[in-house]
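The values are calculated or read from the model by the stated rules, or taken from the named source; none is laboratory data. As the structure is a prediction and not an experimental result, all values here were calculated from the model. When we count neighbours, we look across all protein chains shown, and the Cβ atoms used for this are built from the backbone with ideal geometry, even at glycine.
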Amino acid sequence: MALALSRVEASAMPRVLPFCNALRSDSSCYWRFAGIPATVVSGSVGELLVLVPAGAVTGPISVTVGSQSVASSTDFVVDQNAQQPRIDAIAPDVVNAGATVTVTGGSLYPIPYQTTARIGARAGVVGSVQNTQLAFVVPTLAASGKVSVSTPYGMASSAQDLVVLPSGISPAHIAGVRRAIPDAPGSMDAVHLRSDGRLL
């Protein structure tokens, strides 16, 4: 079987979980981060947990099994100053499934396949990512809730809710949104229809 490196995920620094076929967990499997040898912590055929070595720098990950070697198609980023992601705002905050939402914040880690966005438990399709901003598509069947962003260095959740409307209701018809807290004391809220036909 030909050796192939299919996916590399940084779970929590300084460890990384590489996936490939034809992997072996014994001493005949050698990993290198930008040429620096790494130690295999644990694993099985097809999946290994590898410790990022001291002195590692940003660069491709390579693995050698017997006479075969393969390198990752993208660089593995080693950032000594990395911080947990931060979400400052989301826009728009009232959408339909399939809409694009922009998340503004910090430390969003613009590396392919390393940053994910979710609304509740459902993952959105992440498009453009910059260190201070990313965009994702609201998935089908998503429910209203907090937006979360995960990177190899942690997770952040939005302070505001993202409201996902049922199909057939346009965000243009919603003038405002308030969160109802079950069993909380206080006056009863009502839904009002404004003179322009929008719900409040």
| When the residues of segment 143-173 are filtered to those that are outside any strand (DSSP E or B) and more than 10 Å from Asn96 (Cβ to Cβ), which remaining residue is nearest to the chain's Cα centre (by Cα)? | Pro152
| task | Find all pairs meeting these conditions: Cβ atoms under 8 angstrom apart; at least six residues apart or on different chains; first residue within segment 66-87 and farther than 20 Å from Met155 by Cβ; second residue assigned to a strand (DSSP E or B) and among the polar types (S, T, N, Q). | result | Ser69/Ser62; Val70/Ser62; Ala71/Ser62; Ser72/Ser62
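Assigned to a strand (DSSP E or B), in contact with a Cys (Cβ under 7 Å, 6 or more places away or on another chain) and farther than 30 Å from Ile169 by Cα, is that true of Val40?
On the way: assigned to a strand (DSSP E or B): yes; in contact with a Cys (Cβ under 7 Å, 6 or more places away or on another chain): yes; farther than 30 Å from Ile169 by Cα: yes.
Considered against the rule, which asks whether it is assigned to a strand (DSSP E or B), in contact with a Cys (Cβ under 7 Å, 6 or more places away or on another chain) and farther than 30 Å from Ile169 by Cα, Val40 comes out as yes.
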| field | Complete set of residues in segment 69-96 that are among the charged types (D, E, K, R) and outside any loop (DSSP other than H, G, I, E, B) | value | Arg86, Asp88
| query | Can you tell me which residues in segment 75-115 are more than 17 Å from Leu134 (Cα to Cα) and among the polar types (S, T, N, Q)? | reply | Gln80, Asn81, Asn96
| request: Being outside any loop (DSSP other than H, G, I, E, B) and modelled with pLDDT under 95 is the filter; apply it to segment 97-116 and report the residue that is farthest from Ala159 (Cα to Cα). | output: Thr116
| field | Neighbours by Cβ (under 9 Å, 6+ apart or cross-chain): first from segment 120-133, in the same structural domain as Ser144 (by TED's automatic domain parsing); second among the basic types (Lys, Arg) | value | Gly120/Lys146; Gly124/Arg118
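Say whether the condition of being at pLDDT 70 or above and not in a loop (DSSP other than H, G, I, E, B) is met by at least one residue in segment 9-27. Break it down into steps so the answer makes sense when it comes.
Going residue by residue through segment 9-27, those that are at pLDDT 70 or above are none.
No - not one qualifying residue is present in segment 9-27.
Is it the case, given these coordinates, that Gln130 is at pLDDT below 75, loosely packed, with under 13 Cβ neighbours inside 10 Å and polar (S, T, N, Q)? Lay out the reasoning, then the answer.
Values: at pLDDT below 75: no; loosely packed, with under 13 Cβ neighbours inside 10 Å: yes; polar (S, T, N, Q): yes.
For Gln130, the condition - at pLDDT below 75, loosely packed, with under 13 Cβ neighbours inside 10 Å and polar (S, T, N, Q) - is not met.
Filter segment 43-68 for residues that are assigned to a strand (DSSP E or B) and surrounded by fewer than 13 Cβ atoms within 10 Å (Cβ to Cβ); which is modelled with the highest pLDDT? Write out each step before concluding.
So the first thing to find is which residues in segment 43-68 are assigned to a strand (DSSP E or B), and the list is 43-44, 47-51, 59, 61-65, 68.
When the remaining residues are screened for being surrounded by fewer than 13 Cβ atoms within 10 Å (Cβ to Cβ), the result is 44, 68.
Working: Ser44: 64, Gln68: 76.
It comes out as Gln68.
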